[in-house]
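> One structure follows; several queries about it will come next.
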Amino acid sequence: MTSLVIAEHDNRTLKDATAKTVAAAMQLGAPVHVLVAGHDCRTVADAAAKLSGVEKVLLADSAAYAKLLPEPMEQLIVSLAPSYDAILAPATSNGKNYMPRVAARLDVAQISEILAVESPDTFRRPIYAGNAIETVQAPPGKKVITVRIAAFRPVEETGAAPIENVSGPADPQLSSFVGEELSKSERPELTSAKIIISGGRGLQSGENFHLLEKIADRLHAAIGASRAAVDAGFVPNDYQVGQTGKVVAPDLYIAVGISGAIQHLAGMKDSKVIAAINKDEEAPIFQVADFGLVGDLFRLIPELDQELARLGY
Amino acid sequence: MKILVPVKRVIDFNVKVRVKADQTGVDLANVKMAMNPFDEIAVEEALRLREKGKATEVIAVSIGPQAAQETIRTALAMGADRGILVKAEGTVEPLAVAKILKAICDEEKPGLVILGKQAIDDDSNQTGQMLAALLGWPQGTFAHRLELGETSAKVEREIDGGLQTVDLKLPAIITTDLRLNEPRYASLPNIMKAKKKPIAEKTPADYGVDTTPRLKVLKVTEPPKRQAGVKVKTAAELIGKLRDAGVI
């Protein structure tokens, strides 16, 4: 049979999370279809059709799916489920929202946030905030899976899959979208950035995050923060990297004024290279950092900025 | 309106977990246990609604071993009115928990069920959403702010990239995120009072639910360890190293 991947998008662009979830689905060994549910989202379906390995794209275009609200998404995915062995979604705030509803309706146990596919029925997933890794085997029957996107590399874009229109049951109208406040930033998104520079309580104020912005602009980096910095009100909550924030795995993670609490490490320790700047040389962040620089960040960050400028970044 | 608040007994969040040498799980022997932190936030939110006169009764439910009674007592000491303990040994997966909670909702008919968004042991993040689907109710997950009206609830949710507000028809399911509120500490007089509050004892069989796990845990292992690297002396040296590593 076949695997179905639920696309992550904003009705205009297909998110990287989808290509990564397709990569996980390919490892199940079955053909992969992608469902694009949204409103006026044909361009997203066109982008999904280009993902390598995808055999078919299903496009469900309706106002009911514009914000991927969980109640209509559940109805749509459950109505398509009879044709599929496995249904996968990225473990984004959307995927986490609608997928357990699908699992409950299909009467199967969901496997949350897989890190690796060991075999078509066996998966590794983090428990205890990543302090332990569980290997679980699913019983025969349908599988409902969410995928930790930081753990998979996106598939290429060399495909040309056909797009087929589908529709689901009528919107149950249990909930309605009122509004949203999205952080507007020219910088890359935290979960897909190649470089992240994050600040912690050591920055002492929200204004001081401007120091990091200069470096971020030079390196085309995203800006993150520790929970301590978010709780102190320095930056909005969507900056938070950690167990209860975003889990990231960029090529380079630069931690500035972050001590390295377990809950923060859980969100970034899979980064390829970690650099840390902290005035306390005993800070736990140095135990995971490839490169550590001990000293006052208010002196070191401007120095870093000058050096990058000198080198033409 | 009644509010139902499920609470889970988990390893205290301050305890560093250790994986057992035989890879069968993490070591729970002689480890401090506590209420799942997200569930404390759920209890707090329910209590605030009752204190504002928007709810009449707060019922704490726990599904777990006899010792989970302590977790219910914690909720009662914070101010919940009564408890229901559904005794079950071993792992009870989110789907089975949701089925038991559904049966309790059918009996108690709450207007709202407030749950933690996830338990800090299995990190599944499923139970609230599953319960919502089984009941056919709307959900407001990862709640940052909750405004309860007569027939609907407005929920501001933490989503990737910001905040989203949705309007839910009641009855509804809410799951809590960290910044919804700061849970209170139980005062000594309230801890004493909590001892007299009723806790009903049930079993999954009373609700016709089979709690046999669907997933088979083959092993539990330590995550790969990162090695500490080198210390550099200057900002320029750091940039040199990052260039050598090919990441900038």
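The values are calculated or read from the model by the stated rules, or taken from the named source; none is laboratory data. Just so you know, these numbers come straight off a predicted model, no measurement behind them. Note that each Cβ is placed from the backbone with ideal geometry, even for glycine, and that neighbours are counted across all protein chains shown.
> Pairs under 9 Å by beta carbon, first residue under 13 Å from A:Asp46 (Cβ atoms) in segment A:156-175, partner modelled with pLDDT under 95 and buried (at least 16 other Cβ atoms within 10 Å of the Cβ), six or more apart or different chains?
none
> So B:Pro198 ticks every box in (1) surrounded by fewer than 17 Cβ atoms within 10 Å (Cβ to Cβ); (2) over 24 Å from B:Gly116 (Cβ atoms) but one. Which box is left unticked?
Evaluating B:Pro198 over (1) surrounded by fewer than 17 Cβ atoms within 10 Å (Cβ to Cβ); (2) over 24 Å from B:Gly116 (Cβ atoms) leaves (2) as the failure.
> Okay, next question. In this structure, is A:Pro82 surrounded by fewer than 24 Cβ atoms within 10 Å (Cβ to Cβ), outside any loop (DSSP other than H, G, I, E, B) and not hydroxyl-bearing (Ser, Thr, Tyr)?
Taking the combined requirement at face value, the residue satisfies it.
> Among (1) more than 30 Å from B:Gln126 (Cβ to Cβ); (2) modelled with pLDDT of 95 or more, which single condition is A:Lys184 missing?
Condition not satisfied by A:Lys184: (2).
> Can you confirm whether A:Ala47 is farther than 30 Å from B:Val217 by Cα and out of contact with any Asp or Glu (no Cβ under 7 Å at 6 or more places or on another chain)?
It is true that A:Ala47 is farther than 30 Å from B:Val217 by Cα and out of contact with any Asp or Glu (no Cβ under 7 Å at 6 or more places or on another chain).
Residues checked against (1) of a type outside the set (A, V, I, L, M, F, W, C); (2) within 13 Å of chain B (Cβ to nearest Cβ); (3) within 27 Å of B:Phe38 (Cα to Cα):
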position: A:Ile197; (1), (2), (3): no, yes, no
position: A:Leu203; (1), (2), (3): no, no, no
position: A:Gly206; (1), (2), (3): yes, no, yes
position: A:His220; (1), (2), (3): yes, yes, no
position: A:Ala229; (1), (2), (3): no, no, yes
position: A:Ala249; (1), (2), (3): no, yes, yes
position: A:His264; (1), (2), (3): yes, no, yes
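> Enumerate the pairs (first residue in segment B:214-240 and facing chain A (nearest Cβ under 7 Å); second residue anywhere and aliphatic (A, V, I, L, M) and part of a helix (DSSP H, G or I)) with beta-carbon separation below 6 Å, excluding pairs fewer than 6 apart on the same chain, so at least 6 apart or on different chains.
Between residues of segment B:214-240 that are facing chain A (nearest Cβ under 7 Å) and residues that are aliphatic (A, V, I, L, M) and part of a helix (DSSP H, G or I), the close pairs are B:Val232/B:Leu238; B:Ala235/A:Leu300; B:Ala235/A:Leu304.
> Would you kindly identify the helices (runs of 4 or more DSSP H) lying entirely within segment B:53-138 that contain at least 1 residues that are more than 9 Å from every other protein chain (Cβ to nearest Cβ) and closer than 21 Å to B:Leu180 by Cβ?
B:68-78, B:94-108
> Follow-up question, since we're still on this one. Here's a check for you: in segment A:277-308, which residue that is in a strand (DSSP E or B) and within 9 Å of another protein chain (Cβ to nearest Cβ) is surrounded by the most Cβ atoms within 10 Å (Cβ to Cβ)?
Looking at residues that are in a strand (DSSP E or B) and within 9 Å of another protein chain (Cβ to nearest Cβ), I get A:Ile277.
> Related question: Identify all residues within segment A:270-282 that are out of contact with any helix residue (DSSP H, G or I) (no Cβ under 8 Å at 6 or more places or on another chain) and either of a type in the set (Val, Ile, Thr) or within 17 Å of A:Gly242 (Cα to Cα) (or both); write none if there are none.
Within segment A:270-282, A:Ser271, A:Lys272 meet the criteria.
> So which residues in segment A:34-49 are out of contact with any helix residue (DSSP H, G or I) (no Cβ under 6 Å at 6 or more places or on another chain) and of a type in the set (A, V, I, L, M)?
The answer is A:Leu35, A:Val44, A:Ala45, A:Ala47, A:Ala48, A:Ala49.
> Hey, can you tell me all the residues within segment B:24-43 that are over 9 Å from the mean Cα position of the chain (by Cα) and facing chain A (nearest Cβ under 9 Å)?
Matches in segment B:24-43: B:Gly25, B:Val26.
> May I pose another question? Quick check on my filter: what residues within segment B:1-25 are in contact with an Asp or Glu (Cβ under 8 Å, 6 or more places away or on another chain) and hydrophobic (A, V, I, L, M, F, W, C)?
Selection gives B:Ile3, B:Leu4, B:Val5, B:Val7, B:Val10, B:Ile11, B:Val17, B:Val19.
> Which of the residues spanning segment A:80-112 are out of contact with any Ser or Thr (no Cβ under 9 Å at 6 or more places or on another chain) and not aliphatic (A, V, I, L, M)?
Listed by number, the residues that qualify are A:Pro82, A:Asn94, A:Tyr98, A:Arg101, A:Arg105, A:Asp107.
> For segment B:139-155, give me the residue count where each residue is facing chain A (nearest Cβ under 8 Å) and either surrounded by fewer than 22 Cβ atoms within 10 Å (Cβ to Cβ) or closer than 12 Å to B:Lys54 by Cβ (or both).
Selection size over segment B:139-155: 2.
> Taking segment A:50-79 only, how many residues are touching a residue at least 40 places away in the same chain (Cβ under 8 Å) and in a loop (DSSP other than H, G, I, E, B)?
8
> Separate question: Scan segment A:48-97 for residues that are farther than 28 Å from B:Gly128 by Cα and of a type outside the set (Val, Ile, Thr) and report the count.
Summing the residues that are farther than 28 Å from B:Gly128 by Cα and of a type outside the set (Val, Ile, Thr) in segment A:48-97 gives 10.
> Could you give me the residue pairs with C-beta distances under 6 Å whose first residue belongs to segment A:252-276 and is crowded, with 21+ Cβ neighbours inside 10 Å, whose second residue is basic (Lys, Arg) and assigned to a strand (DSSP E or B) wherever it lies, and which are 6+ apart or on separate chains?
none
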